[in-house]
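Asks: Mind having a look at this structure? Questions to follow.
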Amino acid sequence: MSEQSLDAEGTAESDLVLRSARFRCVAFRDPIDRCEHMALVLGEIGDGARVLVRVHSECVTGDVFGALRCECGDQLQAALDAIVAEGRGVLVYLRGQEGRGIGLVDKVRTQVLQDERGLDTVDSATALGLPVDVRDYGPAARVLRHRGVRSVRLLSNNPDKVRALEGYGVKVAERVPLPAPVREENLGYLTAKRDRLGHVLPHLNGSPHHGPGNGRV
């Protein structure tokens, strides 16, 4: 399905001024999942090679309210800061992918199991008969092609995201680490992402909070 492309009827653009910079906001309705997503573009894409890119899945609790039990809000801001420092890049914000794709209600249900039974982010999902990760990066691939991006330096700690994007034809020239602050509240979650989901998080070992975690999100 990666051959699908965005059309003018399903996209809209305007400037979006953040505290750090003026971005070009590209809102788009994906032709496959029919969700409305957004890309923030900074600077001139030029030849489209080695563009600094963050593909960020929606997390209402972390991105909007700054919840400390995940690192989503920290990563979103760090990615924007990195793109601003670079002077060129794209942040793709994928909506409808809350809780690695299970949705907000089910994400909160998994958190109940994490708090009450000490399950980690993986086991709390499977205990409810839910998939661990059903995110689809096809919309990100389509908007990147729409903006003329040919290869990316991907801001991510997740090797699976690299493989998923490459499966949609996005050339990942480099994976750029995006470490987030380690706190007592997110230590178990980050430990589970490292040990259960294969995220590359070497900074965990140097954290003052390093130690056995319960894996709760």
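One line per residue, one yes/no per condition, for (1) surrounded by fewer than 16 Cβ atoms within 10 Å (Cβ to Cβ); (2) at pLDDT below 95; (3) touching a Cys at 6+ places or on another chain (Cβ under 7 Å); (4) of a type in the set (A, V, I, L, M, F, W, C):
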| residue | (1), (2), (3), (4) |
| --- | --- |
| L154 | no, no, no, yes |
| G167 | yes, no, no, no |
| D195 | yes, no, no, no |
| G211 | yes, yes, no, no |
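Asks: Only one residue in V143, V162, V122, V152 is without any contact (Cβ under 8 Å) to a residue 24 or more places away in the chain and among the hydrophobic types (A, V, I, L, M, F, W, C), so which one is that?
Replies: One residue alone meets the criteria, V162.
One line per residue, one yes/no per condition, for (1) surrounded by fewer than 17 Cβ atoms within 10 Å (Cβ to Cβ); (2) of a type in the set (S, T, Y); (3) touching a Cys at 6+ places or on another chain (Cβ under 8 Å):
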| position | (1), (2), (3) |
| --- | --- |
| A49 | yes, no, no |
| C59 | no, no, yes |
| R69 | no, no, no |
| Q77 | yes, no, no |
| V90 | no, no, no |
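Asks: Right, something else. Could you check the stretch 104-134 and list, in sequence order, the residues that are outside any helix (DSSP H, G or I) and β-branched (V, I, T)?
Replies: V132, V134
Asks: Which of the numbered conditions does S5 fail, given that it passes all the others? Conditions: (1) in contact (Cβ under 8 Å) with a residue 24 or more places away in the chain; (2) part of a strand (DSSP E or B).
Replies: (2)
Asks: Take the conditions in contact with a strand residue (DSSP E or B) (Cβ under 6 Å, 6 or more places away or on another chain), of a type outside the set (F, W, Y) and more than 23 Å from K193 (Cβ to Cβ) and apply them to L18. Does it pass?
Replies: The answer is no for L18.
Asks: So is V92 in contact with a His (Cβ under 9 Å, 6 or more places away or on another chain) and either closer than 19 Å to N158 by Cβ or not in a loop (DSSP other than H, G, I, E, B) (or both) or not?
Replies: Judged against the criteria, V92 is a match.
The values are calculated or read from the model by the stated rules, or taken from the named source; none is laboratory data. Given the structure is predicted, the values throughout are model-derived calculations rather than measurements. Counting neighbours? That spans all protein chains shown, and the Cβs are built from the backbone with ideal geometry, glycine included.
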